[in-house]
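Undergrad: Once you've had a glance at the structure underneath, I'll fire off some questions.
The values are calculated or read from the model by the stated rules, or taken from the named source; none is laboratory data. Every value quoted in this text rests on a predicted model; they were computed, and no experiment measured them. Heads up, the Cβs are rebuilt from the backbone with ideal geometry, glycines too, and the neighbour counts pull from every protein chain shown. Please note that ligands, DNA and RNA were not included when accessible areas were found on the heavy atoms of the full protein model with its side chains. Shrake-Rupley method; radii C 1.70, N 1.55, O 1.52, S 1.80 Å.
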Amino acid sequence: MIEITHIESLIEKHDPPVKANSKGDKRNIFVLLVLYTLQGVPLGLSLAIPIIIQNMHRSSFKEQAKFSLAVWPFSLKLLWAPLVDSLFIRKLGRRKSWLIPVQYFLGIFFFITGYYINEWLNNGSKLNINALTLVFFILNFLAATQDIIVDGWALTMLKKQNISYSSMCNSAGQTLGIFLGYNLSVILISESFWNKWWRTSPLPDGVITLQGLFYFWGIIFISITTLVAIFKYEKDYLTELDAIDLSITKTYMLLFSIMKLPCIKMFTVILFTIKMSFCSVDAAFKLKLIDSGITKDEIASIDLLIIPLNIYLPFFISKFTSKEKLLKNYFNTIPYRLLFGVILATMANLTPYFLIQTGSLLITYKVLLVLMYSLQQLSVNIMTLTAMAFYATISDPKIGGTNMTLLTTISNLGNAWSKTGALWFIELLTFKRCSKGSRKFCSSSKNQKEMCSLSDGTCEVFIDGFYIETIICTIYGIIWIFIFRKIINNLQSKHVKEWHVEMKIKEVY
């Protein structure tokens, strides 16, 4: 049982729920949208870099696995979230105490990255994957910290009846930020895209260089942060319920107590294990398309078509999804996601054949590819949004976003480790053999490669680990469905109080 402070009497003072009305909060909603958009930019750039390096270097999946560690801060942010909530300068504001320096640091690191990015990507035709991973890990660490700050600030920035708008701002803003950092960036720096479609005569580079792109975002972050620091005042008062402060020690104790709840422990197992079913396609499908001959510009264009879907989907889900069956809806989407994953893997395997075709066959293939990818992304987004809605449903309002932060962190961690592991294992499951001579298998060892080279041969892929891993993951997913069906139904039927920590309240004033 956790001792917190004087809450039960405060809960009784709370007014009954009031219908949301954006009037009077439009400026605050705009500020939140801008801040969440900035948060999505480093994430988007972290998606763009693997596409760029695969296009430039045909990098190994082991190198891609190493770079995937750069997005892990979003899966680990719970470790330092209590520090962000507990330590602040009261005169500056609980949230601005962290937001201003964090976003300035983001701007500074964008400048540093821009200065060195060309050297890291192409230093004597070599890729400095360690430097890229480190700097993007720092960028995502700062962005994850900004996420903690803005999530907390939204609770006091908006009126009580408009708190629901915070999730809309989060989803729409982060989607827009990822679009700006990934899809738009890939197109803007693409020499082939602009020479093919917009220029009368070929020119080097796109409309902006990758170096210039990072400088641009550095300027944007520093400029917006300065405007927020000067013109956006943080409320220097909180409601009685929000004014309850926990020490760092008590906050960590509270988190530990939540994690010991039977429902949370079982749900953690679900979130940690389900992503293995889809990790092969999620982690490597686009990389395989590039290996098969699809350009990074075409991939960015395909993703561009999905953006409107991602923005509209939260409104669709909230309108047509039953709040009483969110976990069941999550579970029922899994078979479709598995099916579309197998279809995409099959299409990736057939891509080289279709690319040598011309006319209607090639157009039909590309239309089918966009359609199948859209359906796969639809299933991904439905699972994500129903899960987020379920987190909000079972989170205890007396302790703010603690439950929500815990569950999203567990989900992100399950996603991160499965993707990183998938990229590592693709390399291990891939077998190559020499194109000449005895056609012996040649692994990544230098001796075998040198022996193949001496016979004027090259190491060619004989068994592609991506397709082997996709089959293994799909079989695992089918088995997972049968194992967890009853468990999911049982968790869905639990009363909301079984997800909450029993708390004693003491006076803090």
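Undergrad: Does region 295-316 contain at least one residue that is under 23 Å from W499 (Cα atoms), in a helix (DSSP H, G or I) and at pLDDT below 75? Full working, then the answer.
TA: To start, the set of residues in region 295-316 that are under 23 Å from W499 (Cα atoms) comprises none.
The answer is no; no qualifying residue exists.
Undergrad: Only one residue in K286, K260 is in contact with a helix residue (DSSP H, G or I) (Cβ under 7 Å, 6 or more places away or on another chain), among the basic types (K, R) and at pLDDT 80 or above, so which one is that?
TA: K286
Undergrad: Kindly indicate the residue of region 257-289 that is over 21 Å from the mean Cα position of the chain (by Cα) and assigned to a helix (DSSP H, G or I) and also nearest to W480 (Cα to Cα) among those meeting that condition.
TA: M266
Undergrad: Only one of G152, G177, G206, G181 is closer than 26 Å to L385 by Cβ, in contact with a Leu (Cβ under 6 Å, 6 or more places away or on another chain) and small (G, A, S); which?
TA: Unique residue meeting the criteria: G181.
Undergrad: Starting from residues that are surrounded by 14 or more Cβ atoms within 10 Å (Cβ to Cβ) and either in contact with a Gly (Cβ under 8 Å, 6 or more places away or on another chain) or not polar (S, T, N, Q) (or both), keep the ones in region 345-359 and report whichever is nearest to V380 (Cα to Cα).
TA: My answer is A345.
Undergrad: Can you give me the number of residues within region 195-220 that are open to solvent by 50 Å² or more (accessible area, probe 1.4 Å) and more than 29 Å from P101 (Cα to Cα)?
TA: Final tally of qualifying residues: 11.
This table checks each residue for (1) open to solvent by less than 20 Å² (accessible area, probe 1.4 Å); (2) of a type in the set (S, T, Y); (3) in contact with a strand residue (DSSP E or B) (Cβ under 7 Å, 6 or more places away or on another chain); (4) modelled with pLDDT of 85 or more.
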position	(1), (2), (3), (4)
K328	no, no, no, yes
I343	no, no, no, yes
L368	no, no, no, yes
L371	no, no, no, yes
Y391	yes, yes, no, no
G414	yes, no, no, yes
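Undergrad: Just a yes or no: is a residue in region 197-214 out of contact with any helix residue (DSSP H, G or I) (no Cβ under 7 Å at 6 or more places or on another chain), farther than 21 Å from I112 by Cα and in a helix (DSSP H, G or I)?
TA: yes
Undergrad: Out of V186, V150, V207, which single residue is without any contact (Cβ under 8 Å) to a residue 24 or more places away in the chain and among the β-branched types (V, I, T)?
TA: Selected residue: V207, the only one of V186, V150, V207 that is without any contact (Cβ under 8 Å) to a residue 24 or more places away in the chain and among the β-branched types (V, I, T).
Undergrad: What number of residues in region 221-252 are of a type in the set (A, V, I, L, M, F, W, C), assigned to a helix (DSSP H, G or I) and either surrounded by 16 or more Cβ atoms within 10 Å (Cβ to Cβ) or modelled with pLDDT under 75 (or both)?
TA: Residues in region 221-252 being of a type in the set (A, V, I, L, M, F, W, C), assigned to a helix (DSSP H, G or I) and either surrounded by 16 or more Cβ atoms within 10 Å (Cβ to Cβ) or modelled with pLDDT under 75 (or both): 5 in total.
Undergrad: Across region 416-471, which residue is surrounded by the fewest Cβ atoms within 10 Å (Cβ to Cβ) among those that are polar (S, T, N, Q), assigned to a helix (DSSP H, G or I) and at pLDDT below 85?
TA: Filtering region 416-471 for residues that are polar (S, T, N, Q), assigned to a helix (DSSP H, G or I) and at pLDDT below 85, the one surrounded by the fewest Cβ atoms within 10 Å (Cβ to Cβ) comes out as N447.
Undergrad: Can you tell me how many residues in region 158-170 are modelled with pLDDT of 75 or more and open to solvent by 10 Å² or more (accessible area, probe 1.4 Å)?
TA: 1
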